[in-house]
1. On the basis of being away from the ligand (no atom under 16 Å from the Cβ) and in a helix (DSSP H, G or I), does PHE50 make the cut?
2. Please work out which residue is surrounded by the most Cβ atoms within 10 Å (Cβ to Cβ), limiting yourself to the range 167-182 and to residues that are away from the ligand (no atom under 11 Å from the Cβ), at pLDDT 95 or above and not aliphatic (A, V, I, L, M).
3. Residues of the range 80-112 being over 18 Å from ASN220 (Cα atoms), away from the ligand (no atom under 16 Å from the Cβ) and not small (Gly, Ala, Ser), which ones?
4. Output the residue which, of all residues in the range 53-79 that are in a loop (DSSP other than H, G, I, E, B) and touching a residue at least 40 places away in the same chain (Cβ under 8 Å), is farthest from the ligand (Cβ to nearest atom).
5. Does at least one position in the range 262-274 carry a residue that is under 22 Å from GLN56 (Cα atoms), over 27 Å from the mean Cα position of the chain (by Cα) and modelled with pLDDT of 95 or more?
6. It is to be established whether one or more residues within the range 706-723 are charged (D, E, K, R) and under 44 Å from the mean Cα position of the chain (by Cα).
7. List the residue pairs whose Cβ atoms are under 7 Å apart, where the first residue sits in the range 210-235 and is more than 17 Å from ASN288 (Cβ to Cβ), the second is assigned to a loop (DSSP other than H, G, I, E, B) and within 16 Å of the ligand (Cβ to nearest atom), and the two are 6 or more positions apart or on different chains.
8. So, in the range 335-348, how many residues would count as being surrounded by 15 or more Cβ atoms within 10 Å (Cβ to Cβ) and not in a helix (DSSP H, G or I)?
Amino acid sequence: MIFQKKRWVLKENEGIQFSEIEIHNLRLKPQIVNILNNRNIKTKEQIEKFLFPTIQHFHDPYLLNDMQKAVELIIKTIKEGNKILIYGDYDCDGVTSTYVLYHNLLKYANVSYFIPNRFTDGYGLNIEILKQKLNDFDLLITVDCGISSINEVDFLKSQDKAVIITDHHEPKGKIPGADAVINPKRHDSTYPFRDLAGVGVAFKLLHALKLKGYNFILSNYFDIISIGTIGDIMPLLDENRIIAKYGLKKLMNTNNVGLKALMEVAGLKMKQELKTSDISYIIVPRLNAAGRITDAKMALELLLEEDEKKALEIAMYLDEENRKRQQIEEKTIREAQEKLKLNKDKLKKKIFILGDKLWHPGVVGIASSKIAERFYRPTILFTELEENIAKASGRSIKGFNLFKALQDCEDVLIKFGGHEGAAGLSFSLSNLDEFENRLNEIAQSMNIFTFKPYLEIDCELNLNQIDDELIDQLSLLEPFGVGNPEPTFLIKNVIVDSFRFLNNGEKYYKFSICNTNIEAICFENTNESNEFAMLKKVDIVGKLSKNIYNSQRRNQINIVDIRENINDGCFKDFMSNIMYLSKCEKIKNIEHIDKIKWDNIPKDKKSVIISFYYDIMKMWWGFLDSKIKDELFSFFNDNERIIKHQSAPSELFFDDLLVTKVEKLKQFEEIVDIAIACDMPSYIVAKNQLNIPVYYFDMGIYMGEIKLNREEFINVYNGLKNIGFIPYDFSGINDMDNNKKMIKILIIAAIFVEAGLFELEFTYHGVNQLKILDVGKKVNLKETCVHKMVELILEMEGFVRANKH
Ligand SMILES: [Mn+2]
């Protein structure tokens with residue numbers, strides 16, 4: 001059975017019926033209105049602003065604190081012919097910020113720039129550098145840095161320098177004593193939007209100057225500004241959405257010679273249309289590469305270069321640096337994963353902190369983001385540049401504010417800074433354990449679901465609601481990115497037609513959807529190819545797009561997650577469980593069943609929970625409010641443990657695993673400490689398979705209440721033979737409880753199958769007879785393995801129940 005990989009969370013709009021809204025002569029479909037509503041875009045005015053952003057929607061730059069002071073100071077400096085130094089940063093945001101401010105001021109001012117070297121100068125203002133450059137400037141303007149440089153600014157003031165800080169990093173209490181501090185995240189800020197990138201703040205400063213009469217053609221820079229904004233993973237909302245929308249358009253025919261060269265080298269030149277992902281996965285890594293490996297100045301030089309031939313050379317150099325970066329990064333990720341696998345204790349932690357002397361400080365940031373994504377854990381990777389000092393970079397998951405957590409650990413850190421989702425820090429290695437414990441304590445106090453990967457779904461659709469108009473209207477929500485993800489839809493009860501794998505090595509797949517012109521395609525690797533190839537009916541979470549081939553349009557669902565429709569798969573698994581069980585050996589010493597209660601389950605141990613009946617009961621009792629689910633999960637929820645189903649990937653980082661297809665049990669032996677069987681069949685399987693402690697947890701689910709009797713065998717046999725179908729509420733079985741009835745029917749049917757009497761199909765409603773087989777001789781059903789195993793289970797359960805108290 002194919003299970004979903006993540007928890008599916010449908011954004012709820014309970015009871016709200018969305019109707020069409022007409023804007024700009026366009027009748028917006030109710031699903032679009034629903035999605036916008038989910039994203040807090042509710043009124044007609046908000047919707048119009050969102051779908052049709054224009055530069056008129058930019059906020060007044062003078063709403064930023066200190067903007068007036070900063071502008072006056074710059075005008076004064078220019079008038080007096082004094083020198084300006086722009087102090088930037090080595091990442092993409094820092095480089096683009098520096099470029100945009102420098103390139104515009106160049107027309108009016110005596111201006112120079114400085115991009116620090118990540119390895120020799122470090123992030124932010126550096127006093128040694130400032131000392132060296134004292135004669136080169138009268139006014140220093142920071143971009144994308146400076147908000148924590150209190151001492152450095154004090155030093156500059158003591159040297160009679162004017163200082164303007166422009167930054168977007170979180171201020172830590174006191175802000176520097178500069179002449180002006182422009183940062184939308186200032187605690188006293190009343191600016192309507194706080195998520196500008198460093199380059200966005202630099203743009204606001206230029207905008208403010210423009211309003212004072214400087215002739216900057218800022219629309220020419222939207223491509224560069226959008227690159228910095230997307231590169232710094234800022235949410236594409238409000239002003240950032242305007243920047244990204246115009247930036248992507250501008251990028252198609254940029255006037256920047258260097259950028260043009262870079263796009264050519266990276267293979268973007270041929271594209272008909274550019275997406276946010278082209279910026280984040282193709283352009284940004286190349287602009288960042290030099291700063292990660294050697295020196296970011298080359299990235300800035302590329303943007304400043306006006307000669308096509310030279311620009312191409314720099315672009316090729318950056319492309320090569322990017323390749324090097326990729327190799328170093330992949331090696332780091334591999335090694336970090338090795339460390340996790342070798343250290344089970346680390347693996348069980350909510351927060352990962354890993355380090356290695358040999359790791360490259362330029363890639364620990366991206367490597368940590370990959371580990372965070374793969375394991376769904378906030379991750380900090382560090383390297384050791386100076387003796388005993390860890391230089392680290394961390395990335396978080398949604399809902400865990402890394403910056404705040406670091407703030408709570410401030411006393412064991414040397415330096416830290418950043419945002420909710422990403423941070424840079426350094427600490428003494430002697431504080432490593434203390435730091436790790438403190439961070440994990442913070443994590444332990446949080447809701448367990450914070451650490452459980454989930455998939456947010458915008459809206460549920462019927463297949464017949466997927467049409468050209470809906471897909472075309474969706475494109476109005478672009479550009480997608482952080483803060484405005486591409487909408488995902490839940491589509492249930494999809495009948496799979498002509499399933500095929502697309503290539504051999506990587507198991508991408510594709511199928512048509514029965515009775516529609518829609519195709520579903522998945523670019524995620526799947527390991528369980530056999531199970532996939534047999535898919536019949538599925539529920540899908542996916543994104544919608546159109547595919548035009550030979551001027552023929554076909555609508556497409558890009559699968560994000562998929563599960564086999566519970567109706568079919570669980571019967572298959574239950575039958576395979578019974579068959580598997582019947583081949584297990586008897587347990588010799590049944591007097592020694594190790595019973596365990598929830599209270600006694602060791603909290604520091606990772607466990608595998610085995611439930612023979614789970615899926616089938618879940619189906620029968622309903623998917624969400626099943627009794628068994630509540631019981632099974634109550635302990636784990638109460639104790640903030642996390643359960644993951646056997647079929648989801650990266651089981652390594654879950655505290656507890658749930659296995660319902662018992663033949664798969666063995667493969668988890670390596671990564672868990674104990675096994676907890678929730679029923680007797682599971683106990684027998686676990687005892688047969690595992691070399692770790694196996695406990696029996698009595699959930700009160702007994703096969704013993706399902707006493708098989710001769711009359712019922714005959715009733716089922718005759719039903720299958722004469723009518724060809726046995727419904728699960730079959731009156732030929734005397735039990736009142738429908739669950740027990742169903743399990744009884746399934747077991748009897750399994751015995752018939754083993755005895756070779758019928759070919760059967762197990763469906764949602766009951767058992768279907770496909771073929772009556774000719775056995776030729778009288779069979780003794782009691783001699784079948786299934787029957788013997790049932791007898792054994794009854795015996796063992798009887799023993800357990802007799803000794804219950
Ligand atoms: Mn930045």
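The values are calculated or read from the model by the stated rules, or taken from the named source; none is laboratory data. The model shown is predicted, which means the values in this text are computed figures rather than measured ones. All Cβ positions, even for glycine, are placed from backbone atoms using ideal geometry, and neighbour counts span all protein chains on display.
1. yes
2. The residue in question is PRO176.
3. Residues satisfying the conditions are GLU80, ASN82, LYS83, ILE84, LEU85, ASN110, VAL111.
4. Filtering the range 53-79 for residues that are in a loop (DSSP other than H, G, I, E, B) and touching a residue at least 40 places away in the same chain (Cβ under 8 Å), the one farthest from the ligand (Cβ to nearest atom) comes out as THR54.
5. The answer is no; no qualifying residue exists.
6. So the first thing to find is which residues in the range 706-723 are charged (D, E, K, R), and the list is 707, 710-712, 721.
Next cut, under 44 Å from the mean Cα position of the chain (by Cα) only: none.
Looking through the range 706-723, none of the residues is charged (D, E, K, R) and under 44 Å from the mean Cα position of the chain (by Cα).
7. PRO235/ASP195; PRO235/VAL482; PRO235/GLY483
8. Residues meeting the conditions: 1.
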